[in-house]
Amino acid sequence: MTQSSGSGGGEDSQRWVDRAIEALDRGQPESAIDLLRNALTFDPNDARAHALLSYALLESRRIGAALVEARAAVALDPNLSVAHLVLGDAWLAHRKPQRAREHFDAAHRLDPSRPAPLRGLARFEAFYDRDDAAIELLDRALSLDPEDPETLVELGQAHLGRGHLDEAERYARAALELSPEQSNALVIMGHVLLRRGDVGGAREHAGWAIRAGSRIPALNLIAAIKARESLFLGVWFRLNSMLAELGPKAMLVLLAAYVAQRFLILVLQDLGHPRVAELVSYAWLGLCVYSWVAPGIFQRMLLREIRSVRLRGDF
């Protein structure tokens, strides 16, 4: 996304674009937004600058403005692969996956030798929880460029989401060997260590990721560490991690647990223990409420971390 390739708009515009790319590579999208706006004052018709601005806005979670900029980029240059790529991501952020796929396909047709469009198609598959298809596309992307840190990171994230900790670690380490300050790879390593019970190592990686420029992913890791250490959220975190490691089998485990508790209640009632059966029913209900409430508490914890960073202005 942030590779330098062709531009329009003169030396003044290009100088601002180059500085914005450096800011994006450091994980500083807000700085990039200001720099790209400066570039567009010199050349309002620079499609690539509009595309990069859209990417920076997406990184800052300003998805409405990102969609406007991405559409402008495609309108200005329909043959610019990166413009279609970022428009696909903008549509995904708006939960319009079919529109997103059209632009990921267009980006791939325009530039079939680059891994980025295949990564976009992998994100489309992941939107529908088609993890196997997503990983297959990422493997294809890696075959185009085996030393692309972004592809390695997305493969690490995909395997982490499926609970494949060894694979997630392998791809994260490979990305870090190529780019030691790859902040998202540091975050993946932190999550791997946290799931293995190494809270200190996870916290250390979160700190490194923040110093490397990571914002939301690193704060998410910090919130996960706090959840792991929390008396209330600790059980939920461990259960959630266990289910993640099971992958598609998790639904079968949950269904089996439901059937087991219903069977136990019926057996207890038949044996003349209605009060015990009632307690089992209440316990199951309590577990369901807990699993419903805990993610919301985790999200509020994450938002508090994000607000605290904004208030300090460290980034």
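Quick rundown of the values:
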item	result
Search result, residues across segment 217-230 that are in a helix (DSSP H, G or I) and open to solvent by 30 Å² or more (accessible area, probe 1.4 Å)	217, 220, 222, 226, 228, 229
Conditions (1) open to solvent by 10 Å² or more (accessible area, probe 1.4 Å); (2) at pLDDT 95 or above; (3) under 18 Å from the mean Cα position of the chain (by Cα): number failed by residue 104	(1)
Number of the exception - residue 55 against (1) within 25 Å of the chain's Cα centre (by Cα); (2) open to solvent by less than 10 Å² (accessible area, probe 1.4 Å)	(2)
Neighbours by Cβ (under 7 Å, 6+ apart or cross-chain): first from segment 55-72, on the phi > 0 side of the Ramachandran plot; second open to solvent by 40 Å² or more (accessible area, probe 1.4 Å)	none
Failed item in (1) open to solvent by less than 60 Å² (accessible area, probe 1.4 Å); (2) modelled with pLDDT under 95; (3) in a helix (DSSP H, G or I), with residue 177 passing the rest	(1)
Odd one out for residue 118, checked against (1) at positive phi; (2) open to solvent by less than 30 Å² (accessible area, probe 1.4 Å)	(1)
Check on residue 204, modelled with pLDDT of 80 or more, of a type outside the set (Phe, Trp, Tyr) and surrounded by fewer than 22 Cβ atoms within 10 Å (Cβ to Cβ)	yes
Failed criterion for residue 138 (all others in (1) surrounded by fewer than 20 Cβ atoms within 10 Å (Cβ to Cβ); (2) part of a helix (DSSP H, G or I); (3) in contact with a helix residue (DSSP H, G or I) (Cβ under 6 Å, 6 or more places away or on another chain) hold)	(1)
Some residue of segment 45-54 being at pLDDT below 95, of a type outside the set (A, V, I, L, M, F, W, C), more than 19 Å from residue 17 (Cα to Cα) and not in a helix (DSSP H, G or I)	no
Whichever residue in segment 58-88 is assigned to a loop (DSSP other than H, G, I, E, B) and either more than 14 Å from residue 37 (Cβ to Cβ) or touching a Ser or Thr at 6+ places or on another chain (Cβ under 7 Å) (or both) and, among such residues, is most open to solvent (accessible area, probe 1.4 Å)	61
Flag for residue 149 being in contact with a Ser or Thr (Cβ under 6 Å, 6 or more places away or on another chain), closer than 21 Å to residue 177 by Cβ, at pLDDT below 95 and not aromatic (Phe, Trp, Tyr)	yes
Single match in 185, 227, 209, 218 (criterion: more than 18 Å from residue 24 (Cα to Cα) and among the small types (Gly, Ala, Ser))	227
Candidates 260, 244, 277, 294 - the one that is surrounded by 14 or more Cβ atoms within 10 Å (Cβ to Cβ), more than 34 Å from the chain's Cα centre (by Cα) and either closer than 29 Å to residue 162 by Cβ or modelled with pLDDT of 70 or more (or both)	277
Of all residues making up segment 141-173, the number that are among the small types (Gly, Ala, Ser), surrounded by fewer than 20 Cβ atoms within 10 Å (Cβ to Cβ) and within 19 Å of residue 186 (Cα to Cα)	2
Failed item, numbered, when residue 95 is tested on (1) over 21 Å from the mean Cα position of the chain (by Cα); (2) surrounded by fewer than 16 Cβ atoms within 10 Å (Cβ to Cβ)	(1)
Any hit, segment 197-204, residues being under 14 Å from the mean Cα position of the chain (by Cα) and either within 19 Å of residue 161 (Cα to Cα) or of a type in the set (S, T, N, Q) (or both)	no
Pair list, Cβ < 7 Å and 6+ apart or interchain, from segment 149-173 residues that are on the phi > 0 side of the Ramachandran plot to residues that are open to solvent by 20 Å² or more (accessible area, probe 1.4 Å) and among the charged types (D, E, K, R)	163/245
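The rows are residues; the columns are (1) at pLDDT 95 or above; (2) among the hydroxyl-bearing types (Ser, Thr, Tyr).
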| position | (1), (2) |
| --- | --- |
| 142 | yes, no |
| 171 | yes, yes |
| 181 | no, no |
| 198 | no, no |
| 209 | no, no |
| 214 | no, yes |
| 224 | no, no |
| 231 | no, no |
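The values are calculated or read from the model by the stated rules, or taken from the named source; none is laboratory data. This structure is a prediction, so every number in the text was calculated from the model and none was measured. A quick note on method: Cβ atoms are made from the backbone with ideal geometry, for glycine too, and the neighbour counts reach across all protein chains shown. Heads up: the accessible areas ignore ligands, DNA and RNA and are worked out on the full protein's heavy atoms, side chains in. Shrake-Rupley method; radii C 1.70, N 1.55, O 1.52, S 1.80 Å.
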